[in-house]
Amino acid sequence: MKIKVATTRRLLVTLAILFAATWCSVADAQKAKPKKPRPKRQTVVGPTIGGNKATPINRITVAKGFRVELLYSVPGQDQGSWVNLCTDNKGRLLVSNQFGGLYRITPPPVGTPLRPEDIEPVPAKIRAVNGMVWAFGALYVGVNDYEAKIPSGLYRLTDSNGDDQLDKVEMLREVKSRGDHGVHAVVPTPDGKALYLVTGNNAKRTEVAANSPVRQVWGEDHLLPSMPDGRGHNRGVLAPGGIIYRVSPDGKKFEAYASGFRNVFDAAVNSDGELFTYDADMEYDFNTPWYRPTRICQVVSGAEFGWRNGAGKRPVFYADNLPGVLDVGPGSPTGMTFGYGAKFPAKYQNALFSLDWSWGKLYAVHLKPNGSSYTATKEEFVTGAPLPITDAIIHQGDGAMYFTIGGRRVQSGLYRVTYVGDESTAPATAKPTVSVARNTRRALEVFHSKQDRKAAAAAWPHLDDDDRFIRWAARVAIENQPRKFWVEKALTDSNPATQVEALLAVARVTGVCPQHRDENTPPVDTAMQANLLSAILDIDSTKLSHDQQLTLVRTLQITLNRFGRPDDAVVAKLLHKFDPMFPAETTELNWLLCETLAWLQSPTVAAKAIALIEAAPIQEEQLQYARSLRMLKAGWTTETRTAYFEWFLKAASYRGGASFERFIEFIRTDAVASLSDAEKESLAEVLAKKPEKKTTYENLGSIFKGRPTTEWSLDELSASARSGLKKRDFQRGRKMFAAAACYACHRFNNQGGITGPDLTSAGRRYSPHDLLDQVINPSKVINEQFSAVVVITEAGLTHTGVVVNLNGDSLMLNTDLTNPNQQVRIDRKTIEELTISKTSPMPKGLLKQMKKDEILDLVAYIISGGNAKHEVYKK
């Protein structure tokens, strides 16, 4: 995770860093170089109290036409580190100290700093508030007390005697939690009748109403045993992960509204009445196939977002979880708020402001209705270095945005953002949009909380809807009905498109996940197992769409996991049906098929998967196939076994998050354990080999070795691109993208690294000329999102890289974009100077070893967004 440093807001081209992984990411990043001592400079940082200094505004960039004020630098010794904001019933600000109490502030006029006497402590004996909102005549707070001085959970604060002071504290519900990922935000529901309580995956599930949209049909549902985190993080914490509850104002009724989150901190409701949250990634997973970036999620009734422990996190194509609306990238999500009521231009009044603590970014996310859901784009609204931003609100009185920085005992501050530009700030009435698809989804969601004989009939036609969120609502509506009303219909449905979704419901509802089994669990229902597998075998997969084929194989996985291994005759039938489907045309289908066939002990999957490993251009694909094969015992030859263990020698040079090497070790350990004694003897030589670690370029870019170089000019390549981006070679373009080690830093179609920008949509925003210009002239315009900082310490040492974490006075700097673990720790008190590097992380000359057709194939691949059916490939 990183904090971004910005200079000016630029229109930039993301390919500028595309090839950065081929070399060191930042000039002089590999080592800190001594520098002659120099006089210390005094920096004006704005208002301070007792020497405490929040990030000065000269290190903060804001969107054009906006102004940022530093209102207050928080004295940490006395007032702690602030993490939450809201307003009370009189428009005063309430702020919370992460490890202390609450404070009340009357906002000063624009241009006027806050005075210490303007800040008054709230007398209520409450602490560690991580979320709060004024509703139903009281202040509701979510307490997440790391130090366990008071129970974590949901509290209500009121004025007991009418003296305008919150002094009465009621605990409405204890929710046990530990660490960062606990009890967080409290948000009013759109109907004004209840509250949402947002919790992370370290909050223990509390008792919920029987008619909750989320029922206990969830499970780990790993066909092959999952691997725990390599560093032991959250070991033993299992599904359902973080939960968003719907809670009655008196706190007596809790409903599980949605689940499967990692660490959601806040949420916000838009004018259409839809709930959104911003979920965290797991940085230890960088560059693995199960890494999932931080993302904006639309939280619908009964939603499941697929967080699972360690390597078990569900990819977005699994039918039993929902995708996000917008992948953001690495970071630490904190506050969220819509811009409603702001005296901003209309575009920002309707924006969803989403905060990233570790990268120091406040995004403006712009949502666009799309069926029953939304698509979204983001822009950086406020950025700084460092700017550990924790929460933001729009003040309905003055129309300004207020935000705080702090958390983890780092220096805290209170800021205000106002618009001073020329555009109109007239109120843009937030009217609900009209959506037939959304109305359909909501009509189905009514059945999530009630049993109705008509539910199955109403939902069934929508099980094959093109809209994934409608399909989800329909299946959950059916799952939450008595089985007698729908299970038989699912098993005998003549429409394969609706049947695959219905069978997924049957597997989830009638099967018992191993994690839920105990001495009171009934025996496996072998009759239902036989019926399910028979129905799966009878479906003609050629009549299914690609998404429906994914659902079919995933349903088989859940059935096998929950009911166990069938007899040999059924296994033979399953192999006869699914073996010919592998390999498939897509990585997603290959993921599911390879796992399933390996579990079934297919005699052909080893050779096929080894061929895919050798052909796969990126480490994530290779790693997934290798993981799937680790417990396979059937169908191996000495040659394929040798190739498999040779791959581990190569993989030792791959780079990823802090747990990456341990994950490779776990896979290899399981693979060795699956060998017989005779196999271990025959493979002794390859098993005894020690890996020779190579650089990213040596490991991935061998295709260029020994090639002559060409000094390509922008004019020549741009001219070729104008006429030559037709009938291009998709596979060669993808191969070039990988051979230049681009995947080491960049995500592309949910694969690749995270230290550079996601390039999936680059082709929709930039022309081929602009892309080529930036790679040939990398420092002409530097992508401010991924600019490096130069840190000079009092000892005269110079470090160049990107800030990836803050904790107290410690600052962690990543000095190599190709290696997330190459970091240096710097004491912030020893920093003499922090500036922005004016040199691009990408060196010049990166196209020298490519042939012109390869360059054009690469450009076409990026322009296409990885879509093989794009017009650049039409013959």
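The values are calculated or read from the model by the stated rules, or taken from the named source; none is laboratory data. Quick caveat: nothing in here was measured; it's all calculated off a predicted structure. Backbone-built Cβ (ideal geometry, glycine too); neighbour counts: all protein chains shown. Ligands, DNA and RNA are excluded from the accessible area calculation, which covers all protein heavy atoms including side chains. Shrake-Rupley method; radii C 1.70, N 1.55, O 1.52, S 1.80 Å.
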> Hey, among THR433, THR425, THR383, which residue is of a type outside the set (A, V, I, L, M) and outside any loop (DSSP other than H, G, I, E, B)?
Replying inline: THR383
> Which of the residues belonging to the stretch 604-616 are out of contact with any Cys (no Cβ under 8 Å at 6 or more places or on another chain), open to solvent by less than 30 Å² (accessible area, probe 1.4 Å) and in contact (Cβ under 8 Å) with a residue 24 or more places away in the chain?
Replying inline: ALA606, ILE610, ILE613
> Can you tell me which residues in the stretch 682-694 are in a loop (DSSP other than H, G, I, E, B) and within 28 Å of ASP285 (Cα to Cα)?
Replying inline: LYS689, LYS690, PRO691, GLU692, LYS693, LYS694
> Does the stretch 445-465 hold any residues that are open to solvent by 30 Å² or more (accessible area, probe 1.4 Å), under 27 Å from GLN549 (Cβ atoms) and free of Cβ contacts under 8 Å to residues at least 60 places away in the same chain, and which are they?
Replying inline: ALA457, ALA458, PRO461, HIS462, ASP465
> How many of the residues in the stretch 737-769 are open to solvent by less than 30 Å² (accessible area, probe 1.4 Å), out of contact with any Leu (no Cβ under 8 Å at 6 or more places or on another chain) and of a type in the set (S, T, N, Q)?
Replying inline: 1
> Quick one: what pairs do we get from the stretch 406-429, first residue open to solvent by 10 Å² or more (accessible area, probe 1.4 Å), second among the aliphatic types (A, V, I, L, M), C-beta under 6 Å, 6+ apart or different chains?
Replying inline: GLN411/ALA54; THR418/VAL110; THR418/ALA400; ALA428/ALA346
>> Would you confirm, using the coordinates I've provided, whether GLY100 is in contact with a Phe, Trp or Tyr (Cβ under 9 Å, 6 or more places away or on another chain), touching a residue at least 24 places away in the same chain (Cβ under 8 Å) and not aromatic (Phe, Trp, Tyr)?
In response: no
>> Among the numbered criteria (1) outside any helix (DSSP H, G or I); (2) farther than 29 Å from GLY752 by Cβ, which one does GLU679 miss?
In response: (1)
> Which ones in the stretch 306-350 are over 25 Å from VAL417 (Cα atoms), more than 14 Å from the chain's Cα centre (by Cα) and not in a loop (DSSP other than H, G, I, E, B)?
Replying inline: GLY310, ALA311, GLY312
> Got a number for residues in the stretch 587-640 being more than 21 Å from MET736 (Cα to Cα), in contact with a helix residue (DSSP H, G or I) (Cβ under 7 Å, 6 or more places away or on another chain) and either of a type in the set (Phe, Trp, Tyr) or not in a helix (DSSP H, G or I) (or both)?
Replying inline: 11
> So which of LYS848, LYS844, LYS875 is part of a loop (DSSP other than H, G, I, E, B), in contact (Cβ under 8 Å) with a residue 60 or more places away in the chain and touching a Phe, Trp or Tyr at 6+ places or on another chain (Cβ under 9 Å)?
Replying inline: LYS848
> Could you say whether any residue in the stretch 566-586 is part of a helix (DSSP H, G or I), among the polar types (S, T, N, Q), in contact with a helix residue (DSSP H, G or I) (Cβ under 7 Å, 6 or more places away or on another chain) and closer than 23 Å to ALA311 by Cα?
Replying inline: no
>> Filter the stretch 663-682 down to the residues that are surrounded by fewer than 16 Cβ atoms within 10 Å (Cβ to Cβ) and out of contact with any Ser or Thr (no Cβ under 7 Å at 6 or more places or on another chain) and list them by number.
In response: GLU665, THR669, VAL672, ALA673, SER674, SER676, ASP677, ALA678, LYS680, GLU681
> If you go through the stretch 207-224 one residue at a time, do you hit one that is at positive phi and among the polar types (S, T, N, Q)?
Replying inline: no
> Picking from VAL237, VAL264, VAL208, VAL217, which residue would you name as being part of a loop (DSSP other than H, G, I, E, B) and either within 18 Å of SER332 (Cβ to Cβ) or under 13 Å from the mean Cα position of the chain (by Cα) (or both)?
Replying inline: VAL264
>> Of all residues being more than 21 Å from ALA477 (Cβ to Cβ) and in contact (Cβ under 8 Å) with a residue 12 or more places away in the chain in the stretch 500-525, which is least open to solvent (accessible area, probe 1.4 Å)? Just the residue, please.
In response: CYS513
>> With the requirement that a residue be buried (at least 20 other Cβ atoms within 10 Å of the Cβ), in contact with a strand residue (DSSP E or B) (Cβ under 7 Å, 6 or more places away or on another chain) and either at pLDDT 95 or above or of a type in the set (S, T, N, Q) (or both), what does the stretch 209-239 give you?
In response: SER212, PRO213, VAL214
